[in-house]
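Enquirer: Below you'll find the structure I mean.
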Amino acid sequence: MPGAKRLDPRVVQRFHHAAIRLLRRLRAADEARGFSGPRASALSVLVFRGPQSLGDLAAAEGVKPPTMSRLVKAMAAEGLVATGTAAGDERRIRIAATARGRRRMMAARQHRLDAIATLLAGATAEEAAALATVAGLLERLL
């Protein structure tokens, strides 16, 4: 990885620890609102990437198709997703977020963004600029 040798390993370790703590805090906020991590993650793929096959959705989430199948069934029972056949191939099932699923995802996303904004509200102007730089770096690299 270019440039990685210039980084102080202690900074990398601190960054990793902070990222884990932030993700745990956001996951806890989601779960407090009845929105589990796996469900939120799979629904996010469907909302932001569009309809997916079961295999593609499972691959995107790093799980096996039977695991994703159970999750999709639970989300369908809640009206968050709908299944249908792919255009031109009646055998291939496509999973899509419903309007209700999209609203739920966008509300959860806004709740997480608000939580991050609240957490960072005390940042100085210099810290806010540094955060913008790091966010830009991560967007570019990821």
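The values are calculated or read from the model by the stated rules, or taken from the named source; none is laboratory data. These numbers were taken from a predicted model, which means no experiment stands behind them. Just the protein is used for accessible areas: all its heavy atoms, side chains included, with ligands, DNA and RNA removed. Shrake-Rupley method; radii C 1.70, N 1.55, O 1.52, S 1.80 Å.
Enquirer: Quick test of the membrane-span-like rule: which DSSP H helices of the chain reach at least 27 Å along their long axis (C-alpha atoms) with mean Kyte hydropathy at least 0.5?
Expert: None clear 27 Å together with a mean of 0.5.
Enquirer: In terms of the Cα gyration tensor, with a ≥ b ≥ c the square roots of its eigenvalues, is the stretch 53-95 rounded because a/c is under 1.5, prolate because a/b exceeds b/c, or oblate?
Expert: Oblate.
Enquirer: Further, regarding this structure: So, for the stretch 16-84, what is the accessible surface per residue at a probe of 1.4 Å, expressed in square angstrom?
Expert: Details: 3880 Å² over 69 residues.
Result: 56 Å² of accessible area for each residue.
Enquirer: Using alpha-carbon pairs under 8 Å, 6+ residues apart, how would you state the relative contact order of the stretch 53-134 in percent?
Expert: Once normalised by length, the contact order is 20 percent.
Enquirer: Please list the radius of gyration and Dmax for the stretch 1-52, considering alpha-carbon atoms only, with Å as the unit.
Expert: 15.9, 42
Enquirer: Further, regarding this structure: In the chain, what percent of the accessible surface is made up of carbon and sulfur (1.4 Å probe, ligands and nucleic acids excluded)?
Expert: Heavy-atom surface of the chain belonging to carbon and sulfur, 1.4 Å probe: 59 percent.
Enquirer: Hey, another quick one. Report which label in [x] 14.5, 39; [y] 18.8, 66; [z] 18.4, 56 holds the value of Rg and Dmax of the Cα atoms in Å derived from the coordinates of this structure.
Expert: [z]
Enquirer: Moving on. Name the shape class, rounded, prolate or oblate, that the alpha-carbon gyration tensor gives for the stretch 12-81, where a ≥ b ≥ c are the square roots of its eigenvalues, rounded holds for a/c under 1.5, and otherwise prolate holds if a/b is larger than b/c and oblate otherwise.
Expert: Prolate.
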